[in-house]
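What follows is a single structure, written as structure tokens, with notes after it.
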Amino acid sequence: MNIVYKRTSKGEEEIQKRTYKLDHVHRFVLIMIDGKTDDESIVSRSSVQWNPSQCLLELETMGFIENIDPLLEKNSGMGELKQDLILTIQKHLPNNHKKMVNKIVNAELTKPDIVDAIDSGCMFIKLTVSEQISKTLKEDLHKIVNNSQEI
């Protein structure tokens, strides 16, 4: 895991004004988001019955928080294509994305290298996580590459 989130302006507005009327579970998790604490710490400090991992994903999907993965921050100049690929990988693999992300980060910014990184990473995911997740992830990543103007 080890994903660090920060609140978006929508998240800050919810904390200050309760504009969006989040339930108490989502609000509690949102309050713990500080841009420094990783998701494992947040999950460990939360009640299991609240399903904090799911809560984090829902808060991100609803636009209250955003991932500020140090890998993304460190490589913010690496190009929009790689960033889009990394964000897609993290959404499909919230707990097991590090190896796949590293393949993308280390690939040259050419179509053959990016495609090779995607294919080899998805093979790894197929063998270690799930064949279905691997298939869906591979399709989504190839769509991003094919629609990119960057390469």
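The values are calculated or read from the model by the stated rules, or taken from the named source; none is laboratory data. Please read these numbers as outputs of a predicted model, since none were measured by experiment. Because the Cβ atoms are built from the backbone with ideal geometry, glycine has one as well, and the counts that use them run over all protein chains shown.
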Limited to the range 1-40, what total is found for residues that are assigned to a helix (DSSP H, G or I) and closer than 14 Å to ASN95 by Cα? 2
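Say whether the condition of being at pLDDT 85 or above and in a helix (DSSP H, G or I) is met by at least one residue in the range 70-82. Spell out how you get there, then give the answer.
Going residue by residue through the range 70-82, those that are at pLDDT 85 or above are 81-82.
Still in the running and in a helix (DSSP H, G or I): 81-82.
Yes, the range 70-82 contains a residue that is at pLDDT 85 or above and in a helix (DSSP H, G or I).
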Filter the range 130-145 down to the residues that are touching a residue at least 24 places away in the same chain (Cβ under 8 Å) and not acidic (Asp, Glu), then identify the one that is surrounded by the fewest Cβ atoms within 10 Å (Cβ to Cβ). THR136
Tell me, yes or no, whether the range 47-61 has at least one residue that is at pLDDT 90 or above, crowded, with 16+ Cβ neighbours inside 10 Å and assigned to a loop (DSSP other than H, G, I, E, B). no
Taking SER148 and the conditions (1) touching a helix residue (DSSP H, G or I) at 6+ places or on another chain (Cβ under 6 Å); (2) in contact (Cβ under 8 Å) with a residue 60 or more places away in the chain; (3) within 30 Å of GLU13 (Cα to Cα); (4) not hydrophobic (A, V, I, L, M, F, W, C), which numbered condition does it fall short on, given that it satisfies the others? (3)
Here are LEU109, LEU127: which of them is in contact with a Leu (Cβ under 9 Å, 6 or more places away or on another chain) and without any contact (Cβ under 8 Å) to a residue 60 or more places away in the chain? LEU109
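With farther than 28 Å from SER9 by Cβ, modelled with pLDDT under 90, in contact with a helix residue (DSSP H, G or I) (Cβ under 8 Å, 6 or more places away or on another chain) and exposed (fewer than 15 other Cβ atoms within 10 Å of the Cβ) as the only criterion, which of LYS111, LYS99, LYS103 stands out? Even if it seems obvious, please write down each step before you answer.
Details: LYS111 fails: modelled with pLDDT under 90; LYS103 fails: exposed (fewer than 15 other Cβ atoms within 10 Å of the Cβ).
Of the residues listed, the single one that is farther than 28 Å from SER9 by Cβ, modelled with pLDDT under 90, in contact with a helix residue (DSSP H, G or I) (Cβ under 8 Å, 6 or more places away or on another chain) and exposed (fewer than 15 other Cβ atoms within 10 Å of the Cβ) is LYS99.
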Which residues, taken from the range 86-95, are under 19 Å from GLU150 (Cβ atoms) and outside any helix (DSSP H, G or I)? none
